[in-house]
Amino acid sequence: MDIVKFALLLPTTLLILVAGGYLSVKLKWLQIFRLPYAFSLIGVKRGENKLSSIAALFTILGGNLGVGNISGTAVALKTGVPGSILWMAIIIVITSIIKYVTCYLSIRNRKEKNGRFIGGPIAYMANAFNSRKATIVFLVIMMMSSITVGNLVQVNSLSIPLDMIDVPVVVGGIIMATIFFAVAALSLKKIKIFISAIIPIMTISYLILCSIILLKFSKNILPSLKLITSSFFTTSSFNSGLSLGLILEMLTIIQVGTLRGIFATDIGLGLEGIVHSSIIPKNNNNKFIIEQSLITIISPFIVAFIVFITMMVLLVTDSWVTDLESTNMCIFAFRKAMSWPYIDYLIMAIMFCFAFTTLFTWFFCTKQTIRYVSMNDKYTKIWIVIFTVTIPLGAIGKVRLLWDIADISIAALLFINILAILKLISQDSEVFTMSSRYLKL
């Protein structure tokens, strides 16, 4: 599996880095210099589609801030080194521009059916590859990614700690499936309101708990930061005279940082394009497209901060050197720092919210993709059943196997979407000209 992963993920890693660098230069690093303006678009001042834009942002954050991000940080520490967090930050800065371009192309190519807008990468696949078969291929990959990345891994990460409170892991999967199926019957508007309300609450609660731990272990903060910077470039193989080993070590660290950055923020997967395409504009013009696309660059930086805080918690408590894995490592860190008897249940409640919102974002995005292809709600109802039935399987799956499959699914989805974007912008540079005009680049 490791050889297959390396063979599939290395070219994808290089592709997304090249695409991110190219788009950043062409758009004059707007993901950095226009970030303050992006935040102003969701501020309190009156403006078009303000509520819809905030709901869309929180929906994407709900998908990004999955329990897989918390457990994923632990997985990154086990498979890489603390320095991978710096590579992750670099990757996010360089590649977050892909979210902007994906959203622009998604809204530009979306279609309307009975007053409902549907878009996303599926909307431009056929144009990019001059074949409808590309649309079907993307749909299949999207469904696979949704089940693995947005479902099985999330449920697995949530179920692992149940052993620590003497609850069978399969019970967690069944409970999650039951609640998910019940909420799936709600309207999209009600789901967006629910996610918009719960995301800020659970994020703030999690950060407060992390801050308490960092304050308690404040003497370990500086050594942990030094550990991160010292392992940014590894020289152990070089010191041994093994130059090839050095290269392989560096590639592993960069790949781990890249994958965790992508997994944490969903850069290049197209979710933001699907969600923002569903917004009904007051004025369907270029300004609307630019502003919605600009809002999508906010979430990667918020998620990166939360992942960094999580890694610091694991480092200052020395939880990362234990034999524990995934979510259990994170639970151990909170247990070590807090003697409160109900801390396990509080963390489980927060993680449940993380996992639940991620499940729903991936489910919704895949449902919209299916709807774009078929324009028949019969198939979306079938998708509800398939997605629900697979939820308990994540509870009983092996951690490493599920993460390996999830990484491969991400690689496939990334590869086809990034290729499609590069082909489209090579044929039509509208995204560059419009962005320069409205953002004064």
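Some observations on this one:
- All told, A177 falls short of being farther than 18 Å from D344 by Cβ, at pLDDT below 85 and hydrophobic (A, V, I, L, M, F, W, C).
- Test: residue in segment 378-390 that is under 26 Å from I228 (Cβ atoms) and crowded, with 21+ Cβ neighbours inside 10 Å: no
- Of the criteria (1) without any contact (Cβ under 8 Å) to a residue 12 or more places away in the chain; (2) more than 21 Å from F354 (Cα to Cα), which one P168 fails: (2)
- Residues being assigned to a helix (DSSP H, G or I), of a type outside the set (D, E, K, R) and under 30 Å from L393 (Cβ atoms) - total across segment 97-149: 20
- Residue within segment 336-352 that is among the aliphatic types (A, V, I, L, M), modelled with pLDDT under 80, under 18 Å from the mean Cα position of the chain (by Cα) and part of a helix (DSSP H, G or I) present: yes
- Odd one out for P82, checked against (1) modelled with pLDDT under 90; (2) part of a helix (DSSP H, G or I): (2)
- Annotation: of all residues in segment 180-211 being surrounded by 14 or more Cβ atoms within 10 Å (Cβ to Cβ) and more than 20 Å from I60 (Cα to Cα), the one that is modelled with the highest pLDDT is C210.
- Enumerated helices (runs of 4 or more DSSP H) restricted to segment 369-441, each holding at least 1 residues that are over 23 Å from W29 (Cβ atoms) and aromatic (F, W, Y): 377-396, 399-427
- Pick from segment 24-77, criterion modelled with pLDDT of 70 or more and among the basic types (K, R), ranking: surrounded by the most Cβ atoms within 10 Å (Cβ to Cβ): R34
- Neighbours by Cβ (under 6 Å, 6+ apart or cross-chain): first from segment 108-129, without any contact (Cβ under 8 Å) to a residue 60 or more places away in the chain; second buried (at least 20 other Cβ atoms within 10 Å of the Cβ) and in a loop (DSSP other than H, G, I, E, B): N109/Y124
- Selection of segment 128-142 for residues being closer than 12 Å to A420 by Cα and at pLDDT below 90 yields N130, S131.
- Among residues of segment 328-342 being in contact (Cβ under 8 Å) with a residue 40 or more places away in the chain and of a type in the set (G, A, S), the one that is farthest from T73 (Cα to Cα) is A337.
- Among the candidates I122, I90, I107, I97, the residue that is at pLDDT 75 or above, within 21 Å of the chain's Cα centre (by Cα), of a type in the set (A, V, I, L, M, F, W, C) and surrounded by fewer than 24 Cβ atoms within 10 Å (Cβ to Cβ) is uniquely I90.
- Unique match (being at pLDDT 90 or above, in contact with a Gly (Cβ under 9 Å, 6 or more places away or on another chain), of a type in the set (A, V, I, L, M) and crowded, with 17+ Cβ neighbours inside 10 Å) among L414, L393: L414
- Some residue of segment 344-356 being over 30 Å from N220 (Cβ atoms), in contact (Cβ under 8 Å) with a residue 60 or more places away in the chain and crowded, with 17+ Cβ neighbours inside 10 Å: yes
The values are calculated or read from the model by the stated rules, or taken from the named source; none is laboratory data. Because the structure is predicted, anything quoted here is derived from the model rather than measured. Cβ: placed from backbone, ideal geometry, glycine included. Neighbour counts: every protein chain shown.
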